[in-house]
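**Q** What follows is a structure written as C-alpha cells; I'll ask about it next.
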Amino acid sequence: MEARIAYCSQCRGMFVGWNKRYVTHSLFCRKWTSNPSKLAAIAIIPLVLIFALPQPSASVSSVGASRMSDFQLSHLSNRKGPDPAIQFIDSFLKMHEVGETNRRRLAVSIVASARKFNLDPKLIASVTVVESRGNPFAISGKNAVGIMQIHVPTWGSTADREGLNLFRIEDNIEFGSRILSEYTRQYGLKEGIRRYTGFIRGNAESEQSADEYEAKVQQTYGIGASKT
C-alpha cells in the first residue's frame with residue numbers, strides 16, 4: 001500500500017498516511033481533546049493502534065523499485081558498464097554524508113531526471129543535500145516533504161492528480177527536478193534556485209531566506225570534484 005499524505009482534520013497538521021503516527025496525533029491534538037465527549041475514546045483507541053494499524057515505515061518503504069520509470073529500468077539493465085555520471089553523483093552524495101542505504105538509488109534517479117529535464121545532475125544533487133540530505137521521509141514545518149522537499153500546499157494537488165507518491169525517491173526527485181527545470185528555464189539559474197524555495201518577492205524575510213538558500217546550494221555544489 002502506498003503512503004498518502006494525511007492531515008489532521010482539527011489543526012491541519014500533516015502526517016504520513018493513515019497510520020499510528022497520524023491517528024495518535026489526531027487523538028491528542030489540542031483541538032480534538034478540547035471536546036470532553038471525545039476523550040473517553042482515547043482509552044480504547046491505543047489498542048487499535050497496536051494491533052490494527054501499520055507503522056509508517058512499513059507503508060512507505062513498501063513502495064518498491066518496481067515502479068521505476070522505463071528510462072531508469074532500461075538504464076540499469078542494458079548498460080554494459082558502470083555509468084560515470086551515476087558514479088560521480090554517488091561519490092558526490094557520499095562526500096556530503098548522504099547515507100549508503102538509498103544513495104545508489106538516489107544517484108540513478110538524479111541522473112535520470114537530469115537527462116530528462118536537461119539539468120545539471122550535480123545541481124539536483126546539491127538541492128537534495130540542502131533540502132533533506134537524502135532523507136526520503138523528511139517533513140518540514142512548512143508542509144514540504146521528501147528528498148527535494150516538495151511544498152504540498154502548492155504542488156500536492158498536482159502530485160495527487162498524477163498519481164505521484166512524494167515519499168518515493170523516484171517520484172519526488174523527478175517532480176522536484178521538473179519544478180526546478182521550469183523555474184530555471186523561466187528565470188535563469190540563480191533566480192530559479194531562489195524561486196524553488198517559494199519565496200515572496202517584496203517580503204524582506206522571504207527574500208533573505210531565498211538568498212541564504214541559494215548560497216547554500218551554490219556552496220554545496222562547489223564542494224567536491226569538478227563537474228563532469
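Coordinate-derived values only; no laboratory data. These numbers were taken from a predicted model, which means no experiment stands behind them. Because the Cβ atoms are built from the backbone with ideal geometry, glycine has one as well, and the counts that use them run over all protein chains shown.
**Q** Per the Debye formula with a single identical scatterer at each Cα and no solvent contribution, what log10 I(q)/I(0) holds for the range 65-222 at q = 0.13 Å⁻¹?
**A** Values returned for q = 0.13 Å⁻¹ are -0.57.
**Q** Further question: Taking 7 Å along the Cα-to-C-beta vector as the label spot, tell me the Glu162-Arg115 distance in nanometres, rounded to one decimal.
**A** 1.9 nm
**Q** If we sort 130-137, 205-212 on the protection proxy, mean other Cβ atoms within 10 Å, highest first, what's the order?
**A** So the peptides 130-137, 205-212, ranked by packing, come out 130-137, 205-212.
**Q** Here's something else I'd like to know. Looking at this model, which pairs from Lys122/Lys142; Lys94/Lys190; Lys142/Lys216; Lys94/Lys142 are more than 22 angstrom apart at the alpha-carbon?
**A** Distance filter (> 22 Å) returns Lys122/Lys142; Lys94/Lys190; Lys94/Lys142.
**Q** While we're looking at this one, here's another question. Rounded, prolate or oblate: which fits the range 144-228, taking a ≥ b ≥ c as square roots of the Cα gyration tensor eigenvalues, rounded meaning a/c under 1.5, else prolate when a/b beats b/c?
**A** On the way: a/c = 1.94, a/b = 1.24, b/c = 1.56.
Here the range 144-228 falls in the oblate category.
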